[in-house]
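The values are calculated or read from the model by the stated rules, or taken from the named source; none is laboratory data. Only a predicted model underlies this, so the values are computations on that prediction, with no experimental measurement involved. In this analysis, Cβ positions are derived from the backbone assuming ideal geometry, glycine residues included, and neighbour counts consider all displayed protein chains.
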Amino acid sequence: MDNVYDLIIIGSGPAGLAAGIYAERARLSSAVIEKEYVSGGQVVNTYEVDNYPGLPGINGFDMGMKFREHADKLGVNFITDKAERVERTEENGRTVNRVVCENAVYEARTLIIATGAVHRKLGVPGEEELAGMGVSYCATCDGAFFRNKDVAVVGGGDVALEDAIFLARACRKVYLIHRRDELRGAKSLQEKLMSLENVEILWDTVVTEIKGQGQVNAVALQNKKTGQVRELELQGVFIAVGITPSSGIFEGLVEMDHGYIRAGETGETSAPGIFAAGDVRTKALRQIVTAVSDGANAVASAEKYLTES
C-alpha cells in the first residue's frame with residue numbers, strides 16, 4: 001500500500017533531518033513529514049551558529065540548507081504536510097501508528113516525534129524585526145558575539161539566571177530585567193548572580209519596546225510599580241521567558257512533563273514504537289548538536305524495535 005512505512009519522522013529540524021539520514025542509511029522504508037516548505041526548524045532563524053563542530057560561524061539558514069542537502073543527496077523521502085493527530089491501531093497482531101495529516105494519512109510501525117519547541121516571546125514592538133540582529137533566545141548559542149558589549153536578559157527563572165551568569169563572563173555589562181520584585185530561579189543561582197559586579201537587576205520592570213535600525217541599540221522600559229518610563233542603551237537582548245514544546249497533538253499518546261515528551265537518550269517514550277528526539281523531549285541541554293544526536297539515537301532504537309517486535 002502507498003503511504004505505509006517502517007518509520008515516519010514528524011518534523012525536519014536538526015533532529016528530524018539527522019533521523020532521516022540515519023533511517024535512509026539503515027535502508028528503512030521511511031518518510032519525513034514537515035509542515036513548512038523549508039527544513040531546519042529554529043536554526044534557519046539564527047543569524048550565526050558558532051558552536052557546531054566543523055562549521056564555525058555558519059549562517060543558521062545555510063546550516064539548515066546543508067543538513068537538508070545531505071538528506072536529499074541520500075534520497076530521504078520528504079512529505080510536505082501538517083500532522084494533525086496520531087492514531088494507534090492493532091493490525092495482524094502488530095501496533096500501527098497512523099499519522100493523520102491535512103492532505104493524507106500515513107502509516108508506520110514506528111514513529112519519531114521531532115517537532116521541536118518554540119521560544120516564548122515578549123510580543124513587544126521591535127522583537128520580531130530585530131530577531132537575529134541583537135534579539136536572541138539562546139545565550140549559549142549567541143553570547144560570544146556580544147563580548148565586551150552591554151546586554152540585557154529578560155526573565156527571572158533558572159534559564160534567565162543561568163544566561164545572565166554565562167553572559168557576565170564576556171559582556172561588559174549585563175542587565176537582568178524582571179517584572180517582579182523577587183526572582184524565581186534557584187537560590188544557588190541567585191547567590192552566584194548577586195556576587196557578579198557587572199550584573200545589575202532591574203526589579204519590577206518590563207520591556208515595552210526593543211529599538212534599533214538593523215541592529216539593537218536600546219530598549220524602552222517601564223517600572224510596573226512607579227510607572228516610570230526610561231530608555232536603556234545596549235547592544236543585545238536575550239529573552240528567557242520560557243519555551244513551549246510543540247507537542248500538543250501528542251497529548252494522551254505519550255507521557256509528558258510540562259508538555260515535554262518523557263524520553264531519555266534512547267528516545268524511547270511510554271508508547272512502544274514511538275520515539276522522541278530534539279527539543280520536544282525531556283532533556284537538560286537543547287542545542288543543535290544534541291538534537292542531531294537524538295535523531296541518530298532514535299533511529300537506532302526504532303531499528304531495534306522493528307527487529308525485536
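Residues that are without any contact (Cβ under 8 Å) to a residue 60 or more places away in the chain and of a type in the set (S, T, Y) within segment 285-309 comprise T290, S301, T307, listed in sequence order. Report yes if V105 is over 26 Å from the mean Cα position of the chain (by Cα), assigned by TED's automatic domain parsing to the domain that holds L28 and at negative phi, otherwise no. Against the criterion (over 26 Å from the mean Cα position of the chain (by Cα), assigned by TED's automatic domain parsing to the domain that holds L28 and at negative phi), V105 qualifies.
If I go through segment 224-239 residue by residue, how many of them are under 28 Å from the mean Cα position of the chain (by Cα) and either in a strand (DSSP E or B) or loosely packed, with under 15 Cβ neighbours inside 10 Å (or both)? Walk me through how you get there before you give the answer.
To start, the set of residues in segment 224-239 that are under 28 Å from the mean Cα position of the chain (by Cα) comprises 234-239.
Next cut, either in a strand (DSSP E or B) or loosely packed, with under 15 Cβ neighbours inside 10 Å (or both) only: 236-239.
Summing the residues that are under 28 Å from the mean Cα position of the chain (by Cα) and either in a strand (DSSP E or B) or loosely packed, with under 15 Cβ neighbours inside 10 Å (or both) in segment 224-239 gives 4.
When restricted to residues that are of a type outside the set (S, T, N, Q) and closer than 19 Å to G143 by Cβ, segment 179-206 contains 9.
The lone criterion from (1) more than 24 Å from the chain's Cα centre (by Cα); (2) buried (at least 19 other Cβ atoms within 10 Å of the Cβ) left unmet by T89 is number (2).
Scanning segment 258-284 for residues that are of a type in the set (A, V, I, L, M) and in contact (Cβ under 8 Å) with a residue 60 or more places away in the chain yields I261, A271, I274, A276, A277, V280. The residues of segment 242-258 that are within 30 Å of F145 (Cβ to Cβ) and modelled with pLDDT of 95 or more, listed by number, are P245, S246. Looking only at residues of segment 20-40 that are farther than 22 Å from R85 by Cβ and among the hydrophobic types (A, V, I, L, M, F, W, C), we find that the one that is nearest to the chain's Cα centre (by Cα) is V38.
Taken over segment 171-191, residues that are at pLDDT below 95, over 26 Å from A220 (Cβ atoms) and buried (at least 16 other Cβ atoms within 10 Å of the Cβ) amount to 1. The set of residues in segment 41-58 that are modelled with pLDDT under 85, over 13 Å from the mean Cα position of the chain (by Cα) and closer than 26 Å to I10 by Cβ contains only V49. In segment 178-206, the residues that are under 18 Å from V159 (Cβ atoms) reach residues that are at pLDDT 95 or above and among the aromatic types (F, W, Y) with C-beta atoms within less than 8 angstrom, at least six apart or across chains, in these pairs: H178/W203; R180/W203; V199/Y175; I201/Y175; L202/Y175.
Scanning segment 269-281 for residues that are more than 12 Å from the chain's Cα centre (by Cα) and either assigned to a helix (DSSP H, G or I) or surrounded by fewer than 21 Cβ atoms within 10 Å (Cβ to Cβ) (or both) turns up S270, A271, P272. Take the conditions (1) among the hydrophobic types (A, V, I, L, M, F, W, C); (2) surrounded by fewer than 16 Cβ atoms within 10 Å (Cβ to Cβ); (3) modelled with pLDDT of 95 or more; A168 misses just one of them, which is (2). Restricting the search to segment 10-67, which residues are in contact with an Asp or Glu (Cβ under 7 Å, 6 or more places away or on another chain), polar (S, T, N, Q) and either in the same structural domain as E129 (by TED's automatic domain parsing) or in a loop (DSSP other than H, G, I, E, B) (or both)? Those that are in contact with an Asp or Glu (Cβ under 7 Å, 6 or more places away or on another chain), polar (S, T, N, Q) and either in the same structural domain as E129 (by TED's automatic domain parsing) or in a loop (DSSP other than H, G, I, E, B) (or both): S12, S29, N59.
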